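Engineer: Here it is, the structure in full.
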Amino acid sequence: MNNFVYRNPTELIFGRGQLAVLEEKAKQLGSTVLLVYGGGSIKRSGLYDKVISLLLSAGCRVLELPGVEPNPRLSTVKKGIELCRQEGVNWILAVGGGSVIDASKAIAVGVPYDGDVWDFYTQKATAQDALPLGTVLTLAATGSEMNRGSVITNWETQEKFGGSTTFPTFSILDPEHTFSVPRDQTIYGICDIMSHVFEQYFSHTTEIPLQSRFAESILKTVIENAERVLANPEDYDARANILYCGTMALNGTLPVGVETDWATHSIEHAVSAVYDIPHGGGLAIIFPKWMRYVYRENVQRFKRYATEVWGIDPAGKSDDEIALAGIEATEAFFARIGAPTRLADYQIGDEKLQVMAEKATPYGPIGRFKKLASTDVAEILRMCL
């Protein structure tokens with residue numbers, strides 16, 4: 001196990017009816033709030049009216065930034081920063097999924113910063129200050145509700161990068177707020193959660209039994225509840241289990257003392273920067289192909305994955321056969337729940353493979369499990385066609 005420092009200041013408020021806590025939190029954070037949300041689903045579900053009522057009861061002046069994109073745009077972030085500066089906003093409330101939260105984090109660190117907020121995503125600056133941020137989560141997927149990461153797309157340059165920004169002050173997670181999530185978004189969220197675990201599980205770090213079991217338990221819990229929630233979107237317990245898995249998959253618990261990878265996310269970011277596809281859908285396509293490309297770097301790790309997560313019987317099989325059986329089980333699961341399996345599912349051909357490979361590696365090789373140069377990325381993308 002490697003040395004580590006672990007800190008997570010976000011207050012997680014989980015369960016049915018917990019939205020009521022918002023009024024108390026609003027009174028603590030200030031009188032002028034920027035409400036950030038996406039395409040209008042929170043209005044159709046009635047959540048918007050509840051949030052507004054609680055904010056007004058707390059005496060808040062509410063400004064709004066609607067329309068955050070599924071791959072949130074830098075232009076939207078800059079619009080939010082300008083609004084906050086003009087109106088003297090005290091704090092930000094993100095109501096939605098990971099994209100809304102990521103955009104809100106970028107706004108929060110951009111307001112007090114003298115330079116271009118894009119600096120935080122191109123490794124030119126580190127965020128030192130931020131407006132307070134609260135979240136009301138409506139989608140189990142990114143884990144952005146309890147970490148400081150944020151992913152933003154610069155559509156003008158067709159670049160999509162992650163940056164270290166700010167932790168939410170609090171996050172309210174009521175599984176009932178995820179009941180109305182469309183089937184495809186539920187599927188993408190499941191794939192996203194599992195992919196976050198994969199990035200932190202496939203590692204060369206040794207003597208990490210606790211971290212390994214944490215990761216395996218999250219994967220198994222998602223797998224066990226995925227088809228339940230797809231069969232009955234209002235299964236509270238299944239929604240709650242997946243929602244909590246999404247948070248635990250990326251709140252800093254899994255990587256303590258572990259060398260993590262993140263190459264596959266860099267590859268997907270390049271694909272969706274060029275083609276604007278759903279993040280979880282892209283990961284479902286790319287991750288199994290990454291697994292096939294790299295598994296021989298540490299066959300024992302993939303063997304453990306196959307036996308512990310998928311229950312593959314090792315009897316009579318070589319290590320390679322066991323490892324590949326686990327990868328095949330992953331592919332079969334994604335296909336079974338209705339996730340895309342090929343770039344062709346999004347009408348993506350080989351025209352821009354090299355462009356995407358170069359965008360995935362702007363600062364050189366990516367990943368730690370196996371260092372991937374642009375030529376490796378291009379080959380993985382070719383496997384995805």
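The values are calculated or read from the model by the stated rules, or taken from the named source; none is laboratory data. Predicted model, so just to flag it, every value in this text is computed and none were measured. Here Cβ is always computed from backbone atoms with ideal geometry, including for glycine, and neighbour counts include all displayed protein chains.
Engineer: Given 165, 169, 138, which one is assigned by TED's automatic domain parsing to the domain that holds residue 101, surrounded by fewer than 22 Cβ atoms within 10 Å (Cβ to Cβ) and touching a strand residue (DSSP E or B) at 6+ places or on another chain (Cβ under 9 Å)?
Structural biologist: On the way: 165 fails: surrounded by fewer than 22 Cβ atoms within 10 Å (Cβ to Cβ); 138 fails: surrounded by fewer than 22 Cβ atoms within 10 Å (Cβ to Cβ).
Just a single option satisfies the conditions, and that option is 169.
Engineer: In segment 175-216, what residues are acidic (Asp, Glu), more than 30 Å from residue 1 (Cβ to Cβ) and more than 18 Å from the chain's Cα centre (by Cα)?
Structural biologist: 176, the sole residue that qualifies.
Engineer: Separate question: If the requirement is being over 23 Å from the mean Cα position of the chain (by Cα), hydroxyl-bearing (Ser, Thr, Tyr) and closer than 24 Å to residue 161 by Cβ, which of these qualifies: 374, 318?
Structural biologist: Working: 318 fails: closer than 24 Å to residue 161 by Cβ.
The unique qualifying residue is 374.
Engineer: Something else now. If a residue counts only when it is in contact with a Gly (Cβ under 7 Å, 6 or more places away or on another chain), which strands (runs of 3 or more DSSP E) contained entirely in segment 11-129 have at least 3 such residues?
Structural biologist: Those strands (runs of 3 or more DSSP E) span 32-36, 91-96.
Engineer: Could you give me the residue pairs with C-beta distances under 6 Å whose first residue belongs to segment 342-363 and is not assigned by TED's automatic domain parsing to the domain that holds residue 277 and modelled with pLDDT under 95, whose second residue is surrounded by 20 or more Cβ atoms within 10 Å (Cβ to Cβ) and of a type outside the set (Ser, Thr, Tyr) wherever it lies, and which are 6+ apart or on separate chains?
Structural biologist: Partner pairs satisfying both residue conditions: none exist.
Engineer: Next question, about the same structure. When you look at residue 249, is it in contact with a His (Cβ under 8 Å, 6 or more places away or on another chain), in the same structural domain as residue 331 (by TED's automatic domain parsing), at pLDDT 95 or above and aliphatic (A, V, I, L, M), yes or no? Give the steps one after another, and end with the answer.
Structural biologist: Working: in contact with a His (Cβ under 8 Å, 6 or more places away or on another chain): yes; in the same structural domain as residue 331 (by TED's automatic domain parsing): yes; at pLDDT 95 or above: yes; aliphatic (A, V, I, L, M): yes.
Answer is yes for this residue.
Engineer: Identify the single condition in (1) within 19 Å of residue 382 (Cα to Cα); (2) in contact (Cβ under 8 Å) with a residue 24 or more places away in the chain; (3) assigned to a helix (DSSP H, G or I) that residue 299 does not satisfy, given that it satisfies every other one.
Structural biologist: (1)
Engineer: Please go through segment 141-181 and give me each residue that is at pLDDT below 95 and acidic (Asp, Glu), ordered by number.
Structural biologist: The answer is 156, 159.
Engineer: Determine which member of the set 268, 328, 321 is acidic (Asp, Glu), in the same structural domain as residue 379 (by TED's automatic domain parsing), in a helix (DSSP H, G or I) and buried (at least 20 other Cβ atoms within 10 Å of the Cβ). Working first, answer last.
Structural biologist: Values: 328 fails: buried (at least 20 other Cβ atoms within 10 Å of the Cβ); 321 fails: buried (at least 20 other Cβ atoms within 10 Å of the Cβ).
Step by step, each of 268, 328, 321 is checked, and only 268 is acidic (Asp, Glu), in the same structural domain as residue 379 (by TED's automatic domain parsing), in a helix (DSSP H, G or I) and buried (at least 20 other Cβ atoms within 10 Å of the Cβ).
Engineer: Do the conditions hold for residue 285, that is, is it modelled with pLDDT of 95 or more, of a type outside the set (Asp, Glu), within 20 Å of residue 184 (Cα to Cα) and buried (at least 23 other Cβ atoms within 10 Å of the Cβ)? Break it down stepwise before answering.
Structural biologist: Working: modelled with pLDDT of 95 or more: yes; of a type outside the set (Asp, Glu): yes; within 20 Å of residue 184 (Cα to Cα): yes; buried (at least 23 other Cβ atoms within 10 Å of the Cβ): yes.
For residue 285, the condition - modelled with pLDDT of 95 or more, of a type outside the set (Asp, Glu), within 20 Å of residue 184 (Cα to Cα) and buried (at least 23 other Cβ atoms within 10 Å of the Cβ) - is met.
Table: residues versus (1) modelled with pLDDT under 95; (2) out of contact with any Leu (no Cβ under 7 Å at 6 or more places or on another chain).
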residue	(1), (2)
27	no, yes
42	yes, yes
45	yes, yes
64	no, no
73	no, yes
81	no, yes
104	no, no
